[in-house]
Amino acid sequence: MDMNLTLEVIGYIHSDFPAKFGIPRQSGLADTKAEILFEPKYRNVHAFRGLEEFSHLWLIWGFSECVREEWSPTVRPPRLGGNQRVGVFASRSPYRPNDIGLSCVRLEGIRYDKNKGPVLEVSGIDLMDRTPIYDIKPYIPLSDCHPEASEGYTKETKQHMLSVDFPDDLLKVYPEDQRQAV
């Protein structure tokens, strides 16, 4: 039995992050805004019916900039200082057997554009500009929220906040409303 799966890109994220540098390490950590624009085949307004009733969405997307020759069973998460290895399945590393990411974002609105079709306005993103989106699913608190869940090694680094000083020349590059993401 052939279990190979081909994913079709339904759209792309349009964000203020042209490169991997400076992207928040997880969705929801910064008030970063973006739009999702859809491929012509998926611009049917009926596909979005009822979506406006949800406050959050799951985005299933592709790590389009991960360069690797082969996968590794262990990775060095930045949350552990990059000095300790854990199993790839115990991490959110982009270097995975399949280059698939999952992000929970806030749906700020749906705009209908004559030329672009439905445009999703989202916030709390952790995606580079032009990241391919494979699917979107509504976040359902009843089944998606588990307050009793254990958090493994991430509990040790929950308050992993750094102080960032912006030199004057960088203040011109990063507008004030984008500095929180850095």
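The values are calculated or read from the model by the stated rules, or taken from the named source; none is laboratory data. Computed from a predicted model, the values in this text were never measured in an experiment. Backbone-built Cβ (ideal geometry, glycine too); neighbour counts: all protein chains shown. What goes into the accessible areas is simple: the full protein's heavy atoms, side chains included, and nothing from ligands, DNA or RNA. Shrake-Rupley method; radii C 1.70, N 1.55, O 1.52, S 1.80 Å.
How much length would be gained if the chain were fully extended between residue 140 and residue 19, taking 0.36 nm per residue of separation minus their Cα-Cα distance, in nm to one decimal?
Gain in length upon complete extension: 40.4 nm.
Mind listing the phi-derived Karplus ³J(HN,Hα) values for the range 47-63, rounded to whole Hz, using 6.51, -1.76 and 1.60 with θ = phi - 60°, and x for any glycine or proline?
Using θ = phi - 60°, the values come out as 5, 9, 4, x, 5, 5, 7, 9, 8, 9, 9, 9, 9, 10, 9, x, 6 Hz.
For the pair residue 41/residue 171, report the inter-label distance in nm, with labels modelled 7 Å from Cα in the Cβ direction.
Taking the two extended label points, one gets 4.9 nm.
How much accessible surface area, in Å² rounded to 10, belongs to the heavy atoms of residue 14 with a 1.4 Å probe?
60 Å²
Leaving out ligands, DNA and RNA, and with a 1.4 Å probe, what % of the accessible surface on the range 42-86 is carbon or sulfur? Don't skip to the answer; put the middle values down first.
Values: 1580 of 3150 Å².
Exposed carbon and sulfur together represent 50 percent of the surface.
Taking all pairs of different Cα atoms in the range 80-153, averaging 1/r and flipping that mean, what Kirkwood radius in angstroms comes out?
15.7 Å
What does the extension gain come out to for residue 123 and residue 89, with contour length at 0.36 nm per residue minus their alpha carbon separation?
Numbers: separation 34, 0.36 × 34 = 12.24 nm, distance 2.65 nm.
Once the chain is fully extended between residue 123 and residue 89, it gains 9.6 nm.
Given the convex hull of the Cα atoms of the range 29-134, what is a quarter of its surface area in nm²?
Details: hull surface 32.2 nm².
Orientation-averaged projected area of the Cα hull: 8.0 nm².
Can you run phi through the Karplus equation (6.51, -1.76, 1.60; θ = phi - 60°) for the range 136-151 and list ³J(HN,Hα) in whole Hz, with x for Gly and Pro?
9, 9, x, 7, 10, x, 4, 10, 8, 9, 10, x, 7, 4, 7, 10
Find the accessible area per residue for the range 15-130; the probe is 1.4 Å, ligands and nucleic acids are left out, and the unit is Å².
On the way: 7030 Å² over 116 residues.
Here the residues of the range 15-130 average 61 Å² of exposed surface.
Check each of the GluC sites (Glu not before Pro) in the range 17-89 and keep only those in coil by DSSP with at most 14 other C-beta atoms within 10 angstrom; list them in order.
Here the GluC sites (Glu not before Pro) that fit, given the DSSP loop and packing criteria, are 65, 69, 70.
Could you tell me the center-to-center distance, by alpha carbons, between the range 123-139 and the range 100-121 in angstrom?
9 Å
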